[in-house]
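Inspection log for the structure reproduced underneath, given as structure tokens.
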Amino acid sequence: MKLYSIYILNKAGGLIYQNNLDPSLNRLTANDYLVLAGTLHGVHAIAAKLTPTIVGKDSTSTTSGTDPTANNALLLSTGKVQNSNTNKTGLGSIETDLFNLYVFQSLTGIKFILITSPNPILQKQHEQASETFRHLYVLYSDYVMKDPFYSLDMPIKSQLFDLKVGELAALV
Amino acid sequence: MSKKGDDIWKNVDKINSELFTLTYGSIVAQLCRDFNHNYHEVNNQLDQMGYNIGIRLIEEFLSRTGAQRCQSFKETVEVITKLGFRVFLNIQPAVENWSSDGRSCSIVLPEPNPLNEFVEIPPTKDLWYCQILCGILRGALQMIQLDVDVNFVKDTLKGDDKTEIRLKLNKILKDEVPAGED
């Protein structure tokens, strides 16, 4: 799996970060990226409304299977890190022959979106994506949230964060 | 048996606790000077500082623990005390005095409290020395759509028998819960 690009959306669906990790990608205009982000935000929310109410009983349908109660109980009893993705009923992934797209949402409503190359080993894709999201979320909390010059919900302009995201992408 | 949250606690960066205590002490002392010992105002400032920390700190908490939405306020308080305080301050407060409707309770900070060490304040003053903690809890909970009132009711620094923070759940901001959760 190769990372093509990363998007971060604030809870209102505004694009606050975009990074093309693959230099060979065609660049869009700044406005197009905003439109793309807004569209994905909307589609994600619509998908949540379309999901039938039986979700939860059918644990195979979402990116991460565990329900919140079991997740927290496990966290409290073992003290081991759990999956922090709260995106259960919204748009989870788009898989095509040319690229894959994954959506992660935190409890606070921040969305991380990854666009990657398709992975030849099907079972591994979601695992790898969720591992990348976990690292990305930690980077966000360390290098964006702790930047005293950053104001919440505004575009991220931190060079240090860029650097760390680049390092993460090189490892994937 | 290892304490809860041990695994996560091991993986976060740490600083010397005395350095932390002294740094916090100097902030409070400076605020007292800046506001001419108007302790009511100092409490407000500490609360506001805590709030600004809390709304950012929540992301670190969630990213490092992977906690999901709690199904009840009781569960929320359990996660805060057993994981939150453990990961960030390496203490585990006790939870007491649940109201019958399950919407308010007290968190009792154990001694030694890392913020309170070496600290003495004149007993008659209005200062709530650890007020910043209230702000942090309020800010962090607001970011996960819980409107909670947090305030101190007792402090050992004032000669009380324990240090007690009262939490009261006002409202769950359902309209602001992001789409896509169960």
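Some observations on this one:
- The helices (runs of 4 or more DSSP H) located wholly in the range B:1-116 that include 3 or more residues which are farther than 28 Å from A:Pro148 by Cα and in contact (Cβ under 8 Å) with a residue 24 or more places away in the chain occupy B:73-79.
- Every residue from the range B:114-161 that is at positive phi and either modelled with pLDDT of 95 or more or open to solvent by less than 30 Å² (accessible area, probe 1.4 Å) (or both): B:Gln145
- Scanning the range B:52-98 for residues that are farther than 21 Å from A:Val138 by Cα, among the aromatic types (Phe, Trp, Tyr) and surrounded by fewer than 21 Cβ atoms within 10 Å (Cβ to Cβ) returns a single hit, B:Trp98.
- Residue count for the range A:89-140, restricted to those that are without any contact (Cβ under 8 Å) to a residue 60 or more places away in the chain, exposed (fewer than 14 other Cβ atoms within 10 Å of the Cβ) and either touching a helix residue (DSSP H, G or I) at 6+ places or on another chain (Cβ under 6 Å) or hydroxyl-bearing (Ser, Thr, Tyr) (or both): 1
The values are calculated or read from the model by the stated rules, or taken from the named source; none is laboratory data. Predicted model only: the values in this text are computed from it and were never measured. Cβ coordinates were reconstructed from backbone atoms using ideal geometry, including for glycine residues, and neighbour counts include every protein chain displayed. Note: areas computed on protein heavy atoms with side chains; ligands, DNA, RNA excluded. Shrake-Rupley method; radii C 1.70, N 1.55, O 1.52, S 1.80 Å.
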